[in-house]
Structure formats: structure tokens, C-alpha cells
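See below for the structure under consideration.
Derivation of every value follows stated rules applied to the coordinates shown; laboratory data play no part. None of the values given here were measured: they were computed from a predicted structure. Positions of Cβ are generated from backbone atoms using ideal geometry, with glycine treated the same way; all protein chains shown enter the neighbour counts.
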């Protein structure tokens, strides 16, 4: 499973930040390794450094093999809360999606 981390101009995606995001995603979504080919992570500072509650956003898009992409968004006060919340939402969405597919077969 390939993981790609991107950010907008107001955030700098350092190797350390990307490594933390990737490690968390592998921990939360690793069991979908054979069923998801790629996960794209988009980190944004919604109001470009002005501060405020809930101004960090993470959008994650999963590319399940043979299916349309699935995306979730989570907004929080810090980047770690944003990517952790998005990873949890994506795990739930993937569990539901694959559960329905498995029930049909």
C-alpha cells in the first residue's frame, strides 16, 4: 500500500511529519494492505496560520483495488488530531465497504 502525503502552501510537509503520518496510517489501516493500493493524504491549514479552533484539516482518499476511490475529511485543532481522526473515519468506511462486498460473495 503506497501512502502519499501532501500539504497546501501554508504547511510544510517535512520528512519527519510525513513519516509520522505514514506510521499512523500503517498502524490503523495496515490490515487493508492487500485490498487498498494507495492512500493519499492532504493536510491543510484552513485559515493559513491565523490560529483558531479546528483550523487544521486532513482529507484522506483510499484507492481500493477495483473500486472507485473513497474519501473522508476531518477537521481539528492540531495536525495530529486531524490525521488521526481522518484515519479512523477511513478505517470505518473501508470496513463498511469491504464488509458489504464480502457479504455479497
What pairs come up if the first residue lies in the stretch 91-104 and is in contact (Cβ under 8 Å) with a residue 12 or more places away in the chain, the second is crowded, with 16+ Cβ neighbours inside 10 Å and in a helix (DSSP H, G or I), and their beta carbons are under 6 Å apart, counting only those six or more places apart or on different chains?
91/28; 91/29; 94/32
Apart from one, (1) touching a residue at least 40 places away in the same chain (Cβ under 8 Å); (2) in a loop (DSSP other than H, G, I, E, B) all hold for residue 20; the odd one out is (2)
Take residue 29 and decide whether it is in a helix (DSSP H, G or I) and over 16 Å from residue 81 (Cα atoms).
yes
